[in-house]
Each structure stands twice: as structure tokens, then as C-alpha cells.
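Participant: Handing you this structure, nothing more for now.
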Amino acid sequence: MSAPEIVFQEVSKFYGEVLGVNHVTLRIPSGITSLVGPNGSGKTTLMNLMAGLIHPDRGVITVRGLSPRDPERLMRITGYATQYDAAPRGVTGLDFVTTGLLLAGHGKQEASRRAWKSLERVGMNEAAHRKVAAYSKGMRQRVRLAVALAHDPEVLILDEPLNGLDPLVRAETIALFHEFAAQGRHVVLSSHVLQEVDVISDRVILIANGMIIAEGHVRGVREEIHEHPSQYIIRCRDASRIAALLFEQDHITQVQVHEDRLGLLVATRNQREFSRALTRISLAGHTVESVVAADENVDALYKYLIGGGR
Amino acid sequence: MTAEFRLRQAWTIARLQLRRVFFSKRSSWVYLLALFPSVPFFGHAIEVKLSQSRYASRVTAAAILESIREGDTDEEVLKTAGEPVHERKFRRGPRGEASVEYRNLIYFDGERRWFLHFEAGILQNKRSRPLIDFEDDRKVFAGVFQYFYLRLAVFFGCLGIFMNLFRGEILDKTLHFWFLAPARREVLLAGKYLAGLIAATLIFATGAALSFGLMLWPQDAVELSAFWRAQGPEHLFWYATAAAAGCVGYGSLFLAAGLLVRNPVVPAIVILFWEGINGILPAALQKFSVLYYVQSLAPIPPPMDANAPALIQLLMSPADPPSTVAAVCGLLAVTALVLWIASRSVQRIEINYGTD
């Protein structure tokens with residue numbers, strides 16, 4: 001019986017002089033865990049380390065008690081859908097999934113049966129005989145997921161698994177992750193879309209610059225997200241007056257008038273209250289031409305978290 | 001996991017890899033290399049066959065042609081020997097002076113061609129040459145096989161096939177697919193090597209056999225039959241075996257090189273140089289070479305032109321050949337050593353396509 005945790009002990013990885021991850025110590029229990037961080041933060045490095053595609057310069061990793069240096073045993077219990085888009089030349093979706101199963105030692109018939117089942121789970125059975133090279137981005141994403149799922153692994157590692165999926169397929173895929181996690185398995189995925197993580201995960205690990213900056217249950221991180229000041233750009237006629245009105249609100253943390261006196265950059269801790277305040281200002285006769293969110297990406301949250309909430 | 005399971009896994013990897021090796025665009029030029037020696041042998045065979053059919057209607061008895069002496073006039077020769085199979089007349093001389101008429105006649109006695117050269121109507125020179133010389137052709141084949149096929153075609157062919165087994169996957173960004181299979185890296189290496197070896201052996205052993213067959217094609221039926229009853233099958237076997245052995249040795253070298261370096265040109269130059277100077281290396285160092293073992297498997301030593309420059313003669317002269325058993329064992333030992341180094345290297349490979 002293997003230990004049901006993925007463990008990183010003081011793991012560091014450098015690419016030459018470039019830091020991959022530094023002094024990472026983690027215990028990931030079963031369930032859905034999201035690695036969240038901006039591009040280049042070290043999410044893929046952590047996943048590649050778990051799967052043995054790269055090796056740590058320092059520290060020890062075990063995946064349910066197995067070393068990533070032992071692919072023969074590790075990859076029997078692990079499925080990894082990488083971000084690498086390429087598939088061996090000329091293969092069809094069915095070949096792609098079947099090949100992995102043949103390598104795992106399944107006979108042709110069994111490999112074919114499992115491959116069809118896996119393709120069906122990701123909604124790709126109709127495109128099974130088409131070449132992977134002719135697939136759309138979303139289809140390639142799904143066929144990689146089918147490869148990872150095909151041998152029914154205990155640990156599913158997924159690098160940005162929802163990228164390129166349409167909303168319906170996205171919902172089905174998330175349901176699949178939940179079903180998987182409910183069976184006591186690991187689902188470790190990476191994302192830089194906060195809303196996505198919020199819906200999917202039991203647990204979140206926030207990474208920045210190769211270091212773990214926060215980890216825990218989603219609720220705690222969600223609170224951090226709600227407290228995170230959002231920034232908006234407002235185009236209006238009397239910017240100075242509107243700036244003064246907004247600054248009277250408690251939730252407004254910053255107001256900056258644009259050089260042309262026709263725009264404002266506003267930071268708020270409470271989006272709902274901000275929306276109400278803008279309505280009141282408009283009803284009072286001030287002309288607000290447009291309101292655009294200035295920081296809808298995860299980088300802004302990270303700047304906030306790394307900076308200690310300033 | 002049992003050894004049997006790992007062997008089956010290596011075979012599965014080899015089977016999956018084979019299609020890619022045979023149909024890889026990146027190494028399609030390998031087929032040209034393998035088939036290249038067939039071209040001159042095919043050309044030679046066609047030329048002989050065409051000549052045989054063209055000359056068949058105008059055969060002149062050998063005794064008549066032997067009776068012709070230098071000093072005979074062209075009219076006398078034509079009267080004695082009849083119509084030649086080929087005739088050419090031309091005039092040549094210094095400017096301003098009277099030109100001299102030259103006449104070349106070619107006769108065929110069923111086996112040999114007779115070349116008669118006349119100046120001003122007088123026979124100056126008579127020589128004969130067999131239309132085809134089996135002994136010569138076999139020597140030519142031995143030379144082409146040793147100097148071109150083993151040293152260059154098999155060498156560069158293996159570079160094209162085996163370097164791509166890992167390096168090609170890195171360039172295509174598909175190596176992670178194999179690394180994510182539940183297989184030891186050594187098993188993956190063995191499977192890929194096996195795929196490369198099967199493909200290279202089939203391509204080059206077939207290429208060697210095809211060239212050998214084309215060399216034999218126009219030969220005299222009686223001579224050919226005697227050859228097949230004597231050493232023919234043995235020769236064919238050893239040429240194909242030598243080509244296959246070259247693939248075994250060079251394949252391992254280039255598989256390892258593909259894991260250790262990014263640019264194939266560097267190992268190609270280094271190994272080619274090392275193999276090239278094998279003949280002049282001290283006896284102990286000669287043993288660390290593929291060519292040393294492989295060339296001794298070829299059934300006929302290659303001819304060496306006595307007029308070739310000394311350096312060429314030195315580089316082309318084979319090292320003292322080991323016995324066949326020693327050659328096979330030595331080659332397998334060198335291959336095993338190189339594959340062991342490659343297996344150490346494949347353990348350390350990381351997927352980091354960005355830097356490749």
C-alpha cells in the first residue's frame with residue numbers, strides 16, 4: 001500500500017543559473033490541488049519534477065511513496081497531461097492513447113478497449129481516427145487528458161488542463177476531476193485563472209518566483225482574493241470632482257487623476273460597493289463614459305500577495 | 001517487473017518506433033546512400049547486356065582475330081575479319097600540314113572485344129579485353145564495399161538513423177511521451193536501439209545484397225553457376241553480415257552521441273577521423289574502432305592502387321584483421337560498452353525543450 005501523499009522535501013531546481021523552484025517543502029494530500037501562479041513562477045517545474053521529466057538539484061520527492069526516478073513503477077500510478085502540444089508524427093488520437101497502454105504492458109485488445117473508454121470520457125471518440133496534428137487546440141488538450149487517464153492512474157497531473165476548452169467541455173472536464181478526486185486519488189493541476197481554481201480545487205498552492213507563497217484550503221485563499229484591491233480605469237468629463245466623491249468611500253484605496261483630466265485610475269477593496277458608488281455618482285448628474293477593469297489577470301493578485309497586501 | 005516483461009516492453013517500443021524510423025523525412029537520404037552503389041553496378045550491367053545483344057550478330061572467330069598482325073592494312077583486315085561491331089574514322093594533324101587518317105575497329109569474338117588502331121591505313125596497335133571480367137568485377141565490388149559502403153554509406157546512414165532516435169524526438173518535442181511511459185529508461189534505450197538496428201540492417205544489408213546481385217547479373221552463366229556452387233552464398237552472407245555489423249557498431253556510437261551532444265556534425269567528424277586513422281594506430285587502440293572489426297568480415301580484401309598517394313595508401317590500408325570470431329566478439333564488446341555509456345546518459349536526460 002503506497003503512502004497517499006505527494007511529498008516535496010527541501011526541493012530546489014535550477015536551469016543553469018535560472019531558478020526553477022527553491023526550497024520547496026510540500027505535502028499534497030489526495031483530492032484536487034491547484035498550483036496557481038503567474039507565467040514562469042515554477043508550476044510546470046513542480047509538475048515535471050513530480051513526473052520525473054526533470055530531476056531536482058537538491059531535496060527529495062516521493063509520489064505516493066514512489067521516486068520519480070523510477071518511471072517503471074511511478075508511471076503505472078501516474079498520468080501526466082503536459083503542456084507540450086506535440087504528438088508523435090502521423091498518429092491518430094486512438095493510436096496516441098493506445099500506444100501509452102501498449103507500453104504499459106496491455107495486450108492489443110485490452111489497450112484498444114481502454115483507449116476507446118478514455119477517449120469517450122473526454123468526448124473524443126468521434127475524432128478518434130483523425131490525425132492528432134489536425135486537431136484543434138482544445139481537442140489536443142482533451143486527447144492528452146485521455147492519454148493521462150487511460151491507465152486509470154492514482155495520480156493525475158495536469159498542466160493548464162482547461163486551456164482552449166469550450167465552456168461545455170470545460171464543465172464536463174471539471175466534473176471528471178471531481179469524480180476522480182472523490183475516489184481518493186490525487187488530481188494536481190496548474191492554472192493561472194483564479195476563478196477556475198476557485199471552482200475546481202480543494203486546496204491551492206500559490207507559487208511565485210519558484211517559491212511557495214501560500215498554501216491551504218481554497219476558502220482562505222478566496223478571502224485573500226476578495227480583499228485584493230481591484231483597479232479600474234474610468235473615462236469621464238469632470239474627473240477631479242468624481243475623484244473627490246470616490247475618495248470619500250471607505251473601500252476606495254487609491255484614486256489617481258489622468259493627465260488629460262478626463263480619466264481616473266481607481267483601486268477598490270469592494271467591487272460591489274464600488275459599483276453602487278458609481279451608480280450614485282451617475283444619478284447625481286456626473287457623466288461616466290466608460291469603466292474598464294485594469295487588472296483582471298492573476299499577476300495583479302500575485303503582486304498584491306507577494307507584496308504583503310500593500 | 002521481470003526481465004521477460006522488460007524484453008517485451010523493449011520490443012513494443014521497437015515496433016512502435018520502427019514506422020517512424022523507416023518513414024522519417026529527416027532520414028530519407030539514408031535510402032539514397034544505401035542504394036547509391038547499386039547505380040554504377042546497374043549501369044555496368046546494362047552496358048554489358050546491351051553490348052552483348054548488339055555484338056551477338058557480328059561475332060568473329062577468335063582465331064581469325066589472333067591471326068591479324070600489326071602492319072596489316074585496314075583493307076586486308078576487313079577482308080579477313082569481315083564487318084567490325086564498331087568503326088570510327090577521323091583525321092588529325094598539325095596545322096598547315098597534311099593530316100593523317102586514323103581508323104579504329106572493334107571486333108567481338110563472343111567473349112572478348114578486340115581493339116584495332118590504324119594510322120594511314122596501317123595497323124599500329126591490337127589489344128583485346130573481355131567484355132566482362134568476373135574477377136575484376138568482384139574486386140571492384142570489394143573496393144566499393146570497403147571504401148564507400150562501410151566507411152561512408154553505413155557510417156553516415158547510421159548517423160542519420162540513430163542520432164535521430166533521441167535528438168529527433170527532442171527537436172519534435174515528443175520525447176516526454178516516451179519518458180512518461182511506465183518503462184525504465186534503459187528499456188526505452190534498448191527498444192529505440194533495436195528499432196534503429198532493424199531498420200539500418202534491413203536498409204544496408206539489402207543495399208549490399210542488391211549491389212552484389214547487380215554485379216553478378218551480367219556475368220557469364222557458366223562462371224556464375226560455378227561461383228554459386230562454390231563461395232557465392234558465403235560471400236553474399238559475409239557482405240550482408242559486414243553491413244549489419246557496421247550498423248550494430250556505428251548505431252550504438254551515434255545513439256550515444258545523440259544523447260550526449262546536440263550537433264551531429266561534431267561527433268561525425270570525430271568518429272570519422274578516428275575510424276579513418278585506424279590503420280595507423282597502435283594495435284591496442286585499433287581495437288576501439290568499429291571499422292577494425294567490420295572490415296575483416298568482408299570476404300575479399302579491397303584492391304589498392306599502387307599509384308595512389310602514400311598517405312591515401314596508409315589511411316586506406318586495413319589494420320591487421322582479427323579472426324572472424326574475434327571480430328564478432330570484439331564488435332559486440334565495443335557496442336556493449338558504448339550502449340552502457342548511453343544508458344547512463346539517458347538516465348540523466350531532462351525534458352527541457354526550450355534549451356534544445
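Participant: How large a share of the accessible area of chain B, in percent, is made up of carbon and sulfur atoms when the probe is 1.4 Å and the other protein chains stay in place?
Facilitator: 63 percent
Participant: Taking only DSSP H segments of four or more residues, each worth -39500 (n - 2.57), what value at 222 nm results for chain B once the sum is divided by all its residues, to the nearest 500 deg cm²/dmol?
Facilitator: Working: 16 runs with 216 residues, N = 356.
For chain B, the value works out to -19500 deg cm²/dmol.
Participant: Something else now. Beyond 16 Å, what share of the Cα-Cα pairs of the range B:115-192 remains, rounded to the nearest whole percent? Don't jump to the answer; show the numbers that get you there.
Facilitator: Numbers: 2175 of 3003 pairs.
In whole percent, the share of Cα-Cα pairs in the range B:115-192 beyond 16 Å is 72.
Participant: Provide a whole-number value for the mean count of partner chain Cβ atoms within 10 Å of the Cβ atoms in peptide B:347-353. Could you put the intermediate results ahead of the total?
Facilitator: Numbers: counts 2, 1, 3, 8, 7, 7, 2.
Counting Cβ atoms of other protein chains within 10 Å of each residue's Cβ and averaging gives 4.
Participant: Also, quick follow-up: Mind telling me which of A:144, A:64, A:130 comes out most flexible in a GNM of chain A, alpha-carbon contacts under 10 Å?
Facilitator: Largest GNM mean-square fluctuation: A:130.
Participant: Which residue fluctuates the most in chain B, going by a Gaussian network model with Cα springs under 10 Å, if the choices are B:94, B:301, B:130?
Facilitator: Of B:94, B:301, B:130, the most mobile in the Gaussian network model is B:94.
Participant: Would you mind checking the radius of gyration and Dmax of chain B based on alpha-carbon positions, in Å?
Facilitator: Final numbers for Rg and Dmax: 27.3, 94 Å.
Participant: With every protein chain left in place, what is the accessible area of residue A:253 in Å² (1.4 Å probe, nearest 10)?
Facilitator: We get 60 Å² for residue A:253.
Participant: Thinking of the range B:53-130 as a set of Cα atoms, what percent of all their pairs are more than 20 Å apart? Could the numbers behind the result be given before it?
Facilitator: Working: 889 of 3003 pairs.
Above the 20 Å cut-off, the range B:53-130 has 30 percent of its Cα pairs.
Participant: Top to bottom by accessible area (1.4 Å), largest first, where do B:280, A:281 land? Don't skip to the answer; put the middle values down first.
Facilitator: Values: B:280 80, A:281 10 Å².
These residues rank, largest area first, as B:280, A:281.
Participant: Okay, moving on. Give me the percent relative contact order of chain B, please, defined on Cα pairs under 8 angstrom at least 6 residues apart. It would help to have the intermediate numbers written out before the result.
Facilitator: Numbers: 468 pairs, mean separation 72.4, N = 356.
Taking the mean separation of contacting Cα pairs over the length of chain B, I get 20 percent.
Participant: Within a Cβ distance under 12 Å of residue A:183, other residues only, what is the Lys/Arg minus Asp/Glu net charge?
Facilitator: On the way: positive: A:185; negative: A:152, A:154, A:179.
Computed value for this residue: -2.
Participant: Still on this structure, I have one more. Positive end of the charge dipole of the range A:26-131 (Lys, Arg +1 and Asp, Glu -1 on Cβ, about the Cα centre): tell me which of A:68, A:90, A:36 has its Cα farthest that way.
Facilitator: Most positive-ward Cα: A:68.
Participant: A further question on this structure: Could you compute the FRET efficiency for residue B:86 and residue B:234, with r as their C-beta to C-beta distance and R0 at 30 Å, rounded to 0.05?
Facilitator: Details: r = 39 Å, r/R0 = 1.30.
For R0 = 30 Å, the calculated efficiency reads 0.15.
Participant: When all alpha-carbon pairs of the range A:147-213 are counted, what percent fall beyond 17 Å?
Facilitator: Values: 939 of 2211 pairs.
Every Cα pair in the range A:147-213 considered, those over 17 Å come to 42 percent.
Participant: Beyond 19 Å between alpha-carbons counts as too far, so tell me which of A:13/B:192; A:43/A:131; B:25/B:173; B:25/B:192; B:139/B:287 fall in that bin. The partial results should precede the final answer.
Facilitator: Working: A:13/B:192 29 Å; A:43/A:131 30 Å; B:25/B:173 16 Å; B:25/B:192 17 Å; B:139/B:287 26 Å.
Pairs exceeding 19 Å: A:13/B:192; A:43/A:131; B:139/B:287.
Participant: Please give the average number of partner chain Cβ atoms lying within 10 Å of the Cβ of each residue in A:94-101, rounded to a whole number. Before the final figure, lay out the partial values.
Facilitator: Numbers: counts 0, 1, 1, 0, 1, 6, 5, 1.
Neighbouring Cβ atoms belonging to other protein chains average 2 per residue here.
Participant: Running Debye on the range A:94-142 with equal point scatterers at the Cα sites and no solvent, what base-10 log of I(q)/I(0) appears at q = 0.27, 0.29 Å⁻¹?
Facilitator: Debye intensities relative to I(0), on a log10 scale: -1.00, -1.09.
Participant: Averaging sequence separations of C-alpha pairs under 8 Å and six or more residues apart, then dividing by the length of the range A:6-223, give the relative contact order as a whole percent.
Facilitator: Numbers: 408 pairs, mean separation 63.8, N = 218.
29 percent.
Participant: Shifting gears a bit: Given the whole protein assembly as supplied and a 1.4 Å probe, what does the accessible area of residue B:265 come to in Å², nearest 10?
Facilitator: Its heavy atoms expose roughly 80 Å² to the probe.
Participant: Same structure again: Working with all protein chains in place, sort B:74, A:166 by solvent-accessible area computed with a 1.4 Å probe, largest first. Provide the component values of the computation, followed by the final result.
Facilitator: Values: B:74 15, A:166 80 Å².
Of B:74, A:166, the descending order of accessible area is A:166, B:74.
Participant: Heavy atoms only, 1.4 Å probe, whole protein assembly: order B:55, B:147 by accessible area, highest first.
Facilitator: Working: B:55 15, B:147 50 Å².
Listed by decreasing accessible area, they come as B:147, B:55.
Participant: Where nothing but the Cβ of Lys and Arg (+1) and of Asp and Glu (-1) is charged, how large is the charge dipole of the protein assembly as shown around its Cα centre, in debye to the nearest 20? Display every interim value, and only then the final one.
Facilitator: On the way: 71 positive and 65 negative charges, 138 e Å.
Around 660 debye, computed over the protein assembly as shown.
Participant: Ok, one more. For a Förster distance of 56 Å, can you work out the FRET efficiency between the beta-carbons of residue B:332 and residue B:115, rounded to the nearest 0.05?
Facilitator: Details: r = 51 Å, r/R0 = 0.92.
Once the sixth-power term is evaluated, E becomes 0.60.
Participant: Considering chain B as a Gaussian network with a 10 Å cut-off on Cα pairs, which listed residue, B:145, B:41, B:108, attains the greatest mean-square fluctuation?
Facilitator: B:108
Participant: Between 0 and 90 degrees, rounded to the nearest ten: what's the tilt of helix A:108-121 against the longest Cα principal axis of chain A?
Facilitator: With both axes taken from Cα atoms, the answer is about 20 degrees.
Participant: While we're looking at this one, here's another question. Quote the FRET efficiency, to the nearest 0.05, computed for residue B:344 versus residue A:290 with a Förster distance R0 of 51 Å and r equal to the Cβ-Cβ distance.
Facilitator: Values: r = 63 Å, r/R0 = 1.24.
Here the calculated transfer efficiency is 0.20.
Participant: Something else about it: Divide by every residue of chain A the summed helix terms, -39500 (n - 2.57) for each DSSP H run of at least 4, and state the resulting mean residue ellipticity at 222 nm, rounded to the nearest 500 deg cm²/dmol.
Facilitator: On the way: 11 runs with 118 residues, N = 310.
Calculated at 222 nm, the ellipticity per residue is -11500 deg cm²/dmol.
Participant: Mind checking the angle between helix B:232-260 and chain B's longest principal axis? C-alpha axes, 0 to 90 degrees, to the nearest 10.
Facilitator: Tilt relative to chain B: about 40 degrees.
Participant: State the Cα centre-to-centre distance between the range B:68-106 and the range A:122-160 in whole Å.
Facilitator: What the calculation gives is 82 Å, centre to centre.
Participant: Shifting gears a bit: When the chain is fully extended, how far beyond the present Cα-Cα distance does residue B:39 get from residue B:310, taking 0.36 nm per residue of separation?
Facilitator: Details: separation 271, 0.36 × 271 = 97.56 nm, distance 2.96 nm.
Answer, rounded to one decimal: 94.6 nm.
Participant: With Cβ to Cβ distances under 12 Å as the rule, what net charge do the other residues near residue A:71 carry (K, R +1; D, E -1)? Don't skip to the answer; put the middle values down first.
Facilitator: Details: positive: A:69, A:73, A:76, B:184, B:185; negative: A:70, A:72, B:186.
Net charge in that neighbourhood comes out at +2.
Participant: Expressed as a fraction of 2.2 N^0.38 Å, the rule-of-thumb size for a compact globular protein of N residues, what is the C-alpha radius of gyration of the range A:6-223?
Facilitator: That ratio works out to 0.99.
Participant: Could you report the accessible area of residue B:305 in Å², rounded to 10, computed with a 1.4 Å probe on the protein chains as they sit in the structure?
Facilitator: 90 Å²
Participant: Would you mind computing, in nm to one decimal, how far apart the modelled labels at residue A:238 and residue B:206 are, each placed 7 Å from Cα along Cα→Cβ?
Facilitator: 8.8 nm
The values are calculated or read from the model by the stated rules, or taken from the named source; none is laboratory data. Everything numeric in this text was worked out from a predicted model, so none of it was measured. Note that we place each Cβ from the backbone using ideal geometry, even for glycine, and neighbour counts take in every protein chain shown. To get the accessible areas, we keep the full protein, side chains included, count just its heavy atoms, and leave off ligands, DNA and RNA. Shrake-Rupley method; radii C 1.70, N 1.55, O 1.52, S 1.80 Å.
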